[in-house]
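Please treat every number below as a calculation from the coordinates, not as lab data. Everything quoted here is computed from the prediction, not taken from an experiment. Neighbour counts are summed over all protein chains in view; Cβ atoms, including those assigned to glycine, are modelled from backbone coordinates with ideal geometry.
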């Protein structure tokens, strides 16, 4: 299958390797995007395997619909957040699946479309909504959020070392003009961070923080991981591709916790946590893209893939 130009599927071969699709199985792609991963799963589950694809972005769903039309009734696309995957699956008549895939972060199409406001490289409105049914944009957050809360957003979601100074500068700037455009914000951040030598653009962490805040990404991820365990059949696998440390840390901690028979503090004579082991790690460390894939697809460079298998209850 030729990768879609809408969104090149990251670590496709490794995803197929860890999910192990075979004919007749059912999968859920919680971030279907342009349909690259989904198409590969459908090919390998032919002739009667099924897939439910979720996304909150209407443009992504339209692209996935065209790309996956060849699979007919074997695929069902739903506009929903992967945090709601269990309800979305049940509404599609699917009570359990053999595997779940989450490819986190924005799609290449979103970042390459200036009107969506995700990128600091081209001018556009500061929107950043993956689901355009949401009412608050990044510009709204910058316009009416307190300096203290902006500091928390930049520090917590962006791990930005100059969070407090940047928040103060935003409050000063908005007092005399709205901060409504991507280049305007990127320039503001660059002025504050002038002389800070980093390998990434000065505005990268602030844009990341705002995107996470607008879309409530970390809470949705936590909900999605819990739902994936509930939805998977025993023996089914969960694969998650993360692109920054915040997401990857949540995935790593969740999978390790769910694969541990006990989370009591060391030294307790009797287990009191009542923890029930539900997952088995496919590999303790995250899978990384190959050098060849990094060269061919720069977006893959920061990708980390973690996978776990649901065990018998």
*asked:* What do you get for the angle between helix 58-67 and the principal long axis of the chain? Use alpha-carbon atoms, 0 to 90 degrees, nearest ten.
replied: 40 degrees
*On a 0 to 90 degree scale, rounded to 10, what angle separates helix 182-192 from the longest Cα axis of the chain?*
70 degrees
*Using alpha-carbon coordinates, inclination of helix 217-231 to the longest axis of the chain, degrees*: 10 degrees
*Quick one: grab the alpha carbon gyration tensor of region 131-182, order the square roots of its eigenvalues as a ≥ b ≥ c, and give me rounded if a/c is under 1.5, else prolate or oblate depending on whether a/b is larger than b/c.*
oblate
*Return the label of the correct value of Kirkwood radius over Cα pairs in Å, as calculated from the structure shown, out of (i) 19.7; (ii) 20.6; (iii) 21.7.*
(ii)
*Write down the percent of antiparallel bridges among all DSSP beta bridges whose residues are both part of the chain, to the nearest 5.*
40 percent
*Using the count of nearby Cβ atoms within 10 Å as a rough guide to exposure, how do 257, 129 rank from fewest to most?*
257, 129
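Taking neighbour counts of Cβ atoms within 10 Å as a proxy for exposure, in what order, fewest first, do 205, 281, 268 appear?
Working: 205 24, 281 16, 268 10.
Fewest-to-most ranking of 205, 281, 268: 268, 281, 205.
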*Distance between region 120-174 and region 41-56 - C-alpha centres, whole angstrom*: 37 Å
_Distant alpha-carbon pairs in region 123-215 (separation over 18 angstrom), percent_ = 38 percent
*Could you tell me which of rounded, prolate or oblate describes region 200-313, using a ≥ b ≥ c as the square roots of the eigenvalues of the alpha-carbon gyration tensor, with rounded for a/c under 1.5 and, failing that, prolate when a/b is larger than b/c and oblate otherwise?*
prolate
*asked:* Whole angstrom only: what separates the Cα centroid of region 273-296 from the Cα centroid of region 80-104?
replied: 20 Å
*In deg cm²/dmol and to the nearest 500, what is the mean residue ellipticity at 222 nm of the chain if only DSSP H runs of at least 4 residues count, each as -39500 (n - 2.57), divided by the residue total?*
-12000 deg cm²/dmol
_Exposure proxy ranking, count of Cβ atoms within 10 Å, fewest first, for 37, 244_ = 244, 37
*Decide, for region 97-146, between rounded, prolate and oblate: order the square roots of the alpha carbon gyration tensor eigenvalues as a ≥ b ≥ c, take rounded if a/c falls under 1.5, and otherwise choose prolate if a/b is larger than b/c, else oblate.*
oblate
*Considering the chain as a Gaussian network with a 10 Å cut-off on Cα pairs, which listed residue, 46, 296, 96, attains the greatest mean-square fluctuation?*
296
